[in-house]
1. Given the criteria surrounded by 15 or more Cβ atoms within 10 Å (Cβ to Cβ), at negative phi, aliphatic (A, V, I, L, M) and within 22 Å of the chain's Cα centre (by Cα), does MET253 qualify?
2. Mind checking which residues of the stretch 98-112 are closer than 22 Å to ALA213 by Cα, touching a Leu at 6+ places or on another chain (Cβ under 8 Å) and not aromatic (Phe, Trp, Tyr)?
3. With the requirement that a residue be part of a helix (DSSP H, G or I) and over 14 Å from GLU291 (Cβ atoms), what does the stretch 319-330 give you?
4. If you check every pair at least six apart or on different chains, which have Cβ atoms under 8 Å apart with a residue in the stretch 151-164 that is surrounded by fewer than 18 Cβ atoms within 10 Å (Cβ to Cβ) first and a residue that is part of a helix (DSSP H, G or I) and at pLDDT below 95 second?
5. Which number in (1) in a loop (DSSP other than H, G, I, E, B); (2) in contact with a helix residue (DSSP H, G or I) (Cβ under 8 Å, 6 or more places away or on another chain) marks the one condition that ASN264 misses?
6. Hey, can you tell me all the residues within the stretch 182-211 that are under 24 Å from the mean Cα position of the chain (by Cα) and in contact (Cβ under 8 Å) with a residue 40 or more places away in the chain?
7. Need the failing condition index for ALA306 against (1) among the aliphatic types (A, V, I, L, M); (2) surrounded by fewer than 17 Cβ atoms within 10 Å (Cβ to Cβ); (3) under 22 Å from VAL242 (Cα atoms), just the number.
8. Can you name every residue in the stretch 89-114 that is over 17 Å from the mean Cα position of the chain (by Cα) and of a type outside the set (Gly, Ala, Ser)?
Amino acid sequence: MHDSVAALKPALHPVYARLLCAELQRRGFAPGEILEGLPLSWQQLHESNQFLSFDQMRQLIERGVQLSDCPWLGLEVGLRTPASAHGTLGAAMIASKNLPSAMLLLQRYAGLRQNLANLKFEHEPEFAAVLEEWVDLGPVREYLHCQLLGGLVQLLTAMTGQELPQQLKIEWPFDAPAWAHEYQRIAQHNSFGFSQLRVVLGSTLVNSPSLAADDEALQRLLRDCDLQLQRLQAGGTLAQRVRMQLQQSEGHMPTLQAMAAKENLTERTFMRHLQAEGTSFQQLLDEVRQERACWMLAHTDSTVEAIAYALGYEDASNFSRTFKRWCGQTPKDYRHQHAS
């Protein structure tokens with residue numbers, strides 16, 4: 001179960017999934033068509049700020065590329081991303097004095113938006129940002145690099161007023177695709193086949209002041225970023241902590257009684273707090289079970305009976321009925337469609 005635990009950990013703020021869904025809607029696809037058979041709820045995706053797991057995002061990306069028949073879809077989504085999509089972090093970057101200061105904020109507070117990679121900087125012989133992946137992004141590496149980098153380009157454009165493509169050199173960590181000419185929209189100088197994503201920024205861009213530099217606003221925004229980061233590091237809300245514990249469990253899932261005891265709460269108080277946050281233990285349990293069931297069907301050879309038992313179901317037929325309610329198809333049909 002170790003691989004599934006890693007794939008199902010919180011990885012990405014849902015705004016990046018919402019942006020993908022919005023692009024697919026612009027292309028004429030309905031919500032039901034976009035999420036059909038995926039372990040995602042349209043309402044939850046658009047109302048909750050709970051991070052998506054990497055596996056949830058991977059499935060949504062693969063569906064989006066399939067529906068749109070656009071292999072450079074990540075680039076399209078990234079270049080449509082408004083600065084506001086990056087929340088308080090984006091606002092703080094825009095209020096900082098210059099591009100190097102903004103990039104340092106991105107490095108410091110990246111965990112507010114994603115847990116997939118770490119940003120490092122090189123200062124000689126030229127200023128460059130290097131992305132170190134924490135998760136093997138596999139078949140969605142190109143999409144995620146394009147969406148996140150495209151969004152960053154839009155934010156830095158708003159911050160500096162500069163045309164960025166002429167001032168960027170990008171080394172991409174995948175082979176040159178047949179649609180490599182599309183990458184001219186994000187940078188005029190693109191190279192492929194490197195081990196890491198590396199973005200070199202021209203000296204004019206690096207030395208450009210921020211158009212909206214505001215130290216007083218920046219200090220307020222940084223305090224907000226610090227508070228958000230502290231909440232995340234403390235495990236977030238009760239619902240977020242419970243979900244994390246369920247995601248990190250191996251073997252049988254913890255019971256309501258065990259989770260209440262871990263939080264030093266009575267079962268009744270535990271349930272009341274979750275209700276106040278708009279959820280329940282059973283709802284969180286079902287969400288994690290669904291994610292893990294989908295992952296195991298797609299990535300392992302375990303039988304349906306073994307998966308049912310691993311998720312705490314004593315009856316495989318009960319699990320199959322529940323899975324069909326979740327995903328609109330039987331476990332067998334899901335495996336046939338999604339097996340890697």
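The values are calculated or read from the model by the stated rules, or taken from the named source; none is laboratory data. Since the model is a prediction, treat every value here as computed from it, not as a measurement. Cβ atoms come from the backbone with ideal geometry, glycine included; neighbour counts cover every protein chain shown.
1. Considered against the rule, which asks whether it is surrounded by 15 or more Cβ atoms within 10 Å (Cβ to Cβ), at negative phi, aliphatic (A, V, I, L, M) and within 22 Å of the chain's Cα centre (by Cα), MET253 comes out as no.
2. Once the filter is applied, which keeps residues that are closer than 22 Å to ALA213 by Cα, touching a Leu at 6+ places or on another chain (Cβ under 8 Å) and not aromatic (Phe, Trp, Tyr), the stretch 98-112 yields LEU99, ALA102, MET103, LEU105, LEU106, GLN107, ALA110, LEU112.
3. PHE319, SER320, ARG321, LYS324, ARG325, listed by residue number.
4. What qualifies is ALA158/ALA83; GLN162/LEU156; GLN162/THR204; GLN162/LEU205; GLU163/THR157.
5. For ASN264, the exception is condition (2).
6. GLU182, TYR183, ARG185, ILE186, GLN196, LEU197, ARG198, VAL199, listed by residue number.
7. The number of the failed condition is (3).
8. MET93, ILE94, LYS97, ASN98, LEU99, PRO100, MET103, LEU104, LEU105, ARG108
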